[in-house]
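Input: a single structure, listed below in structure tokens.
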Amino acid sequence: MSWCEINLGDAVHVKHGFAFKGQYFSESGEYVVLTPGNFNEEGGFRLRPGKDRFYTGDIPEDYVLDEGDLMVAMTEQGPGLLGSSALIPEGGKYLHNQRLGLIQDLDGTVLDKQFLYYLFNTRTVRGQISGSASGTKVRHTAPERIYRVKVTVPSDVTEQNRIGSFLSAY
């Protein structure tokens with residue numbers, strides 16, 4: 001198996017979330033407004049019953065997430081959350097909030113989405129994201145900084161898919 005080094009920006013686009021208006025936040029509703037708190041530190045999605053907020057205002061259609069969308073936390077709401085990634089478990093229910101990045105335009109000839117999910121949660125990637133973050137009290141990253149993250153990946157996307165499938169099953 002051969003490996004190659006790429007910058008993440010060579011294969012992905014990161015879309016900023018929407019600034020949902022606080023006046024429409026509610027304790028119940030149809031749509032959950034995601035925050036970095038919906039990410040596990042080691043990666044993965046989590047609900048926070050009693051803490052999650054719902055949105056009752058008008059919602060731009062482009063910010064309703066689909067099942068399998070790959071997200072990355074761009075604000076360190078809690079220790080270790082910066083750069084954590086999650087796959088959306090169900091479509092039409094979760095909203096893409098401003099402190100999160102949506103991985104779009106993934107070049108499938110360079111990276112496999114499931115492999116990229118696990119790659120985001122490695123020390124190498126998280127360390128680069130953290131190292132380039134700004135802010136003293138609350139640390140942030142930006143798409144441009146994520147684009148500069150260097151990774152070494154199998155050149156063959158089929159191999160990446162096998163690795164991602166193995167990790168998912170494990």
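The values are calculated or read from the model by the stated rules, or taken from the named source; none is laboratory data. Since this is a predicted model, take the numbers as computed values, not measurements. So basically every Cβ, Gly included, is an ideal-geometry build from the backbone, and we count neighbours across all protein chains shown. These area figures cover heavy atoms from the full protein model, side chains too; ligands, DNA and RNA do not enter into them. Shrake-Rupley method; radii C 1.70, N 1.55, O 1.52, S 1.80 Å.
Go through region 137-162 and report how many residues are part of a helix (DSSP H, G or I), within 15 Å of Phe115 (Cα to Cα) and open to solvent by less than 50 Å² (accessible area, probe 1.4 Å).
The number of residues fulfilling the criteria is 3.
Open to solvent by less than 70 Å² (accessible area, probe 1.4 Å), hydrophobic (A, V, I, L, M, F, W, C) and touching a His at 6+ places or on another chain (Cβ under 8 Å): does that describe Leu34?
yes
Say we look at region 47-57 and pick out the residues that are touching a residue at least 24 places away in the same chain (Cβ under 8 Å) and assigned to a loop (DSSP other than H, G, I, E, B); which of these is least open to solvent (accessible area, probe 1.4 Å)?
Per the stated criteria, the residue is Gly57.
Checking the structure you have, find out if any residue of region 27-47 is touching an Asp or Glu at 6+ places or on another chain (Cβ under 8 Å), over 25 Å from Leu167 (Cβ atoms) and among the aromatic types (Phe, Trp, Tyr).
For region 27-47, residues touching an Asp or Glu at 6+ places or on another chain (Cβ under 8 Å), over 25 Å from Leu167 (Cβ atoms) and among the aromatic types (Phe, Trp, Tyr): absent.
Scan region 70-86 and tell me whether some residue there is open to solvent by less than 20 Å² (accessible area, probe 1.4 Å), under 27 Å from Thr158 (Cα atoms) and not in a strand (DSSP E or B).
The answer is yes, given that some residue of region 70-86 is open to solvent by less than 20 Å² (accessible area, probe 1.4 Å), under 27 Å from Thr158 (Cα atoms) and not in a strand (DSSP E or B).
Within region 92-118, work out how many residues are outside any strand (DSSP E or B), in contact with a strand residue (DSSP E or B) (Cβ under 9 Å, 6 or more places away or on another chain) and among the small types (Gly, Ala, Ser).
Of the residues in region 92-118, 1 are outside any strand (DSSP E or B), in contact with a strand residue (DSSP E or B) (Cβ under 9 Å, 6 or more places away or on another chain) and among the small types (Gly, Ala, Ser).
In region 87-96, what residues are open to solvent by 10 Å² or more (accessible area, probe 1.4 Å) and either modelled with pLDDT under 95 or under 11 Å from the mean Cα position of the chain (by Cα) (or both)?
Answer for region 87-96, where residues must be open to solvent by 10 Å² or more (accessible area, probe 1.4 Å) and either modelled with pLDDT under 95 or under 11 Å from the mean Cα position of the chain (by Cα) (or both): just Leu87.
Report whether or not Lys15 is surrounded by fewer than 15 Cβ atoms within 10 Å (Cβ to Cβ), in contact with a helix residue (DSSP H, G or I) (Cβ under 9 Å, 6 or more places away or on another chain) and charged (D, E, K, R).
no
Just a yes or no: is a residue in region 120-127 touching a Pro at 6+ places or on another chain (Cβ under 8 Å) and buried (at least 19 other Cβ atoms within 10 Å of the Cβ)?
No: zero hits.
Here are some residues: Glu42, Glu5. Which one is within 26 Å of Pro154 (Cβ to Cβ), within 15 Å of the chain's Cα centre (by Cα) and surrounded by fewer than 15 Cβ atoms within 10 Å (Cβ to Cβ)?
That would be Glu42, the only listed residue that is within 26 Å of Pro154 (Cβ to Cβ), within 15 Å of the chain's Cα centre (by Cα) and surrounded by fewer than 15 Cβ atoms within 10 Å (Cβ to Cβ).
Only one of Leu116, Leu65, Leu100 is aliphatic (A, V, I, L, M), in contact with a His (Cβ under 7 Å, 6 or more places away or on another chain), surrounded by 21 or more Cβ atoms within 10 Å (Cβ to Cβ) and at pLDDT 95 or above; which?
Answer to the check: Leu65.
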